[in-house]
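Computed from the coordinates by the stated procedures, all read-outs in this text should not be read as laboratory data. In this text the structure is predicted, and so the values were computed from the model without any measurement. We place every Cβ from the backbone using ideal geometry, glycine too, and count neighbours over all the protein chains shown.
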Amino acid sequence: MAPLSTTHHDQPKLSILLHLVLLVFSVSSYCLCAAEPYLTLDYYKSACPTVLEIVRKEMECAVLSDPRNAAFIVRLHFHDCFVQGCDGSVLLDDTIDLQGEKEASINKNSLDGFRIIDRIKNKLESDCPGIVSCADILTVAARDAVILVGGPYWDVPLGRKDSTTAGKELVSTNIPTAEEGLLSIISKFQYQDLSVTDMVALSGAHTIGMARCENFRGRIYGNLEATTFSETYLSNLRSICPAIGGDNNVTAMDYLTPYFFDNSFYQTLLKGGGVLNSDQEMYSSLFGIQTKELVTKYAHDAIAFFEQFSDSMVKLGNITNSDSFVNGEVRRNCRFVNT
Ligand code: HEM
Ligand SMILES: *[C@@H]1O[C@H](CO)[C@@H](O)[C@H](O)[C@H]1NC(C)=O
Ligand SMILES: *[C@@H]1O[C@H](CO)[C@@H](O)[C@H](O)[C@H]1NC(C)=O
């Protein structure tokens, strides 16, 4: 209540005015929330008609030069959305006044693909400056990444804004780890309004990409979850990942078709061959009756997996931070907030 220096005589008028302002304000902010769903397929249709073409072309180059890039981008999108919603927060670099998410322990030495997003952003800034958010770029790029390695197509709703903050502490709170129990992982998905079905289907992204030794050492030396690795596969994993050292050595999570987006990841779980303990638990945990059913279904039915994966990716991309949506911006450089 700043304007208290007005005379007594003026106060009734002022307070009516204030009430009106407050009423308008609360109605309009109510409407913003009620206006969800606010993402639309044709969001950039007039302001940047080439957006989908440009993202697609850059992703083609990136995935052609190294298929691992598809995995990097898909995972970046997941880690973006699970921390304050899909708002490009994962893309922010550390600065003097901002702690980014990249250095959080789960992300450090693990996330990659940032330069691909930079390249797409540069192209878009020259075609339609200040229009396309980094959060949208990442969402479309993840969809294209999946297609380029043989996965399904889905339409991507657009209109996200980029955050002006990052959530370094939220990384360890929100993002599941390979050592975590099944129920705890399920609850992290439920916290984001994602179901058990979404969780099992989205984990199918592990049909591409690599895991580092430090994330599967416990599984190949301990007895975290009943292992039925074949002798040769186990000794192969152990040579990649010694009991001590080699933390950043990598192996494919889907040894059958490491860079092909298909349902063979689920087939490895049926054989007890999941590299990550968390993945194997979906099939082998005593608490995983429903998840075991889903793993079995997707292992036998690639189309059912593709359909559910597409739907679940849209839901993942729909996780929003209403604060970013209202106060967010379109960053000019995905690594830094605008000044
Ligand atoms: C269900 C809980 C999940 C857990 C516990 C989990 C955990 C992990 C871990 C530990 C790695 C290896 C990282 C490293 O060693 O550096 C990894 C890689 C990966 N994850 Fe997940 N993840 C989960 C869900 C997801 C989801 C929902 C997606 C995307 C939709 C995803 C996409 C990926 C991809 C593509 C890779 C490979 C990245 C690369 O090649 O560098 N993951 N995940
Ligand atoms: C995602 O959001 C869009 C637009 O906001 C909405 O039309 C769609 O129904 C949502 N989809 C899911 C699966 O939540
Ligand atoms: C893994 O790391 C260890 C220790 O740094 C190294 O000796 C070994 O050659 C690496 N193995 C592979 C397959 O890269």
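Among Tyr44, Thr165, Ser235, whose Cα sits farthest toward the positive end of the charge dipole of the chain (+1 at Cβ of Lys/Arg, -1 at Cβ of Asp/Glu, about the Cα centre)?
Farthest along the dipole direction, towards plus: Ser235.
For Lys102, which lysines qualify as cross-link partners when the Cα separation must be under 18 Å and same-chain residues fewer than eight apart are set aside?
Straight-line reach from Lys102, under 18 Å: Lys168.
Could you work out the relative contact order of the chain, using alpha carbon pairs under 8 angstrom and six or more residues apart, expressed as a whole percent?
Rounded, it is 23 percent for the chain.
What do you get for trypsin sites (Lys or Arg not before Pro) in the range 42-128 restricted to DSSP loop and a cutoff of at most 15 other Cβ within 10 Å of the site's Cβ?
Qualifying residues, ordered by number: Lys45, Lys108.
Assign unit charges at the C-beta atoms only (+1 for Lys and Arg, -1 for Asp and Glu), then state the dipole size of the chain relative to its Cα centre in Debye, rounded to the nearest 20.
Roughly 240 debye for the chain.
Could you work out how far apart the two model spin labels at Val326 and Phe260 are, taking each label as a point 7 Å from the Cα in the direction of the beta carbon, and quote it in nm?
5.0
Report the local net charge at Arg331: Lys and Arg +1, Asp and Glu -1, summed over other residues whose C-beta lies under 14 Å from its C-beta.
-3
Counting only helical runs of four or more DSSP H residues, what would the 222 nm mean residue ellipticity of the chain come to if each run contributes -39,500 (n - 2.57) and the total is spread over all its residues?
Helix contribution divided over all residues of the chain: -15500 deg cm²/dmol.
Roughly how many Å is it from the Cα centre of the range 169-186 to that of the range 276-339, as a whole number?
What the calculation gives is 13 Å, centre to centre.
Which lysines, on any chain, are close to Lys271 with Cα under 20 Å apart, when same-chain ones fewer than 8 places away are left out?
Lys271 reaches Lys292, Lys297.
I need the calculated FRET efficiency for the pair Lys45 and Val314, taking r as the beta carbon distance and R₀ as 25 Å, to the nearest 0.05.
Working from the Cβ atoms, E equals 0.85.
For Thr228 and Asp94 in one chain, what is 0.36 nm times their gap in residues minus the Cα-Cα distance, to one decimal in nm?
Gain on stretching Thr228 to Asp94: 44.0 nm.
Quote the charge dipole size of the range 227-339 about the Cα centre in Debye, to the nearest 20; the model charges only the Cβ of Lys and Arg (+1) and of Asp and Glu (-1).
In total the dipole reaches around 260 debye.
Mind checking which of Thr320, Thr207, Thr173 has the largest fluctuation in a GNM of the chain, springs on alpha carbons under 10 Å?
Thr173
Comparing Ala70, Ala178, Ala243, which has the greatest mean-square fluctuation in the GNM of the chain with Cα pairs linked when under 10 Å apart?
Ala243
What is the spin-label model distance, in nm, from Asn248 to Asp155 if the labels are put 7 Å beyond Cα along the C-beta direction?
4.3
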